[in-house]
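> What follows is a structure written as structure tokens; I'll ask about it next.
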Amino acid sequence: MISITCGVIFLSLACATYGAPQADYGAAPPRGGCPEIGSSTTRVQSTTFAHSTGKVDCGEKTVEPPISTPGCPYQWGIFPSGGCTQYIKCAWGEPNITDCEEGLAYQDETHSCIWPDEVPGCDSEAIVGFRCPDQITGLSSKFYPFPRYPHPNDCQKLFVCVNDKPRLLNCGYGSALNLESYTCDALENVPDCNIRYKKK
């Protein structure tokens with residue numbers, strides 16, 4: 001069977017127990033079944049088409065306009081909300097405003113939430129709630145050029161300054177910032193945080 005689709009010609013010769021291709025497209029195997037691999041009983045007759053290159057002129061391709069609804073330029077997708085810390089998730093044309101994880105900002109190019117200092121127009125200090133000090137002192141200097149600072153209200157979080165811009169890090173469940181090393185440690189090794197953590 002020959003089928004022509006825009007730009008491509010498909011030629012197939014089926015081998016089945018209950019039928020055979022039309023004789024004008026080539027010889028078919030006997031009704032009993034397909035020939036052995038390597039057999040020469042299946043051949044295709046040469047066919048000449050209007051275009052020797054095998055291409056069909058489909059004309060100018062058109063793209064249908066998107067189906068949009070209020071708040072969703074397309075029925076499905078992730079779109080900017082106009083702010084730095086949220087984005088719009090559209091499903092079936094229904095917009096759902098979604099928050100980035102704490103301390104992150106939405107970047108439209110990647111459709112994801114990343115560090116706010118990497119998103120033009122977003123103020124990382126305002127989003128993170130911390131300003132990197134001009135002078136690096138104490139234990140923070142141990143991590144130069146990316147000094148660390150404890151979060152004043154949450155012992156499971158810390159700030160890391162990258163090119164003088166703050167980034168908020170979370171030690172994760174069951175861990176806390178050890179103030180003796182400025183590294184994340186198991187809660188049992190940070191007893192002060194463990195007490196505060198249980199009270200929350």
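Laboratory data are not the source of any read-out in this text; all were calculated from the coordinates shown. Everything numeric in this text was worked out from a predicted model, so none of it was measured. All Cβ positions, glycine included, derive from the backbone under ideal geometry; neighbour counts span all protein chains shown.
> Just name one of ALA186, THR110, PRO120: the one whose Cα is farthest towards the positive end of the charge dipole of the range 107-192 (beta-carbon charges, Lys/Arg +1, Asp/Glu -1).
Positive-end residue among those listed: ALA186.
> Oh, and also: To the nearest 20 debye, what is the magnitude of the charge dipole of the range 77-169 about its Cα centre, counting +1 on the Cβ of each Lys and Arg and -1 on the Cβ of each Asp and Glu? List each step's numbers first, then the result.
Values: 7 positive and 13 negative charges, 78 e Å.
Taking the Cα centre of the range 77-169 as origin, the dipole is about 380 debye.
> Run the reach check for LYS157 against aspartates and glutamates, Cα to Cα strictly under 13 Å, same-chain hits fewer than 8 apart removed. What comes back?
GLU102, ASP185
> What nm value, rounded to one decimal, do you get for the distance between SER112 and VAL63 when each label is placed 7 Å out toward the C-beta?
2.4
> Modelled label-to-label distance, ASP99 and LYS55, 7 Å Cα→beta-carbon offset: nm?
Between ASP99 and LYS55, the label points sit 5.5 nm apart.
> Rg/Rh for the range 56-157: what does it come to with C-alpha atoms and Rh from Kirkwood? List each step's numbers first, then the result.
Values: Rg = 20.6 Å, Rh = 16.8 Å.
Checking Rg against Rh, the ratio lands at 1.22.
> Let me ask something additional. If contacts are Cα pairs under 8 angstrom and at least 6 residues apart, what is the relative contact order of the range 128-200 in percent? Don't jump to the answer; show the numbers that get you there.
Values: 103 pairs, mean separation 16.3, N = 73.
Reported relative contact order: 22 percent.
> Rounded if a/c is under 1.5, else prolate if a/b is larger than b/c, else oblate: which is the range 122-191, with a ≥ b ≥ c the root eigenvalues of its Cα gyration tensor? Show your work: numbers first, answer last.
Numbers: a/c = 2.44, a/b = 1.43, b/c = 1.71.
Because a/c hits 1.5 or more and a/b fails to exceed b/c, the range 122-191 counts as oblate.
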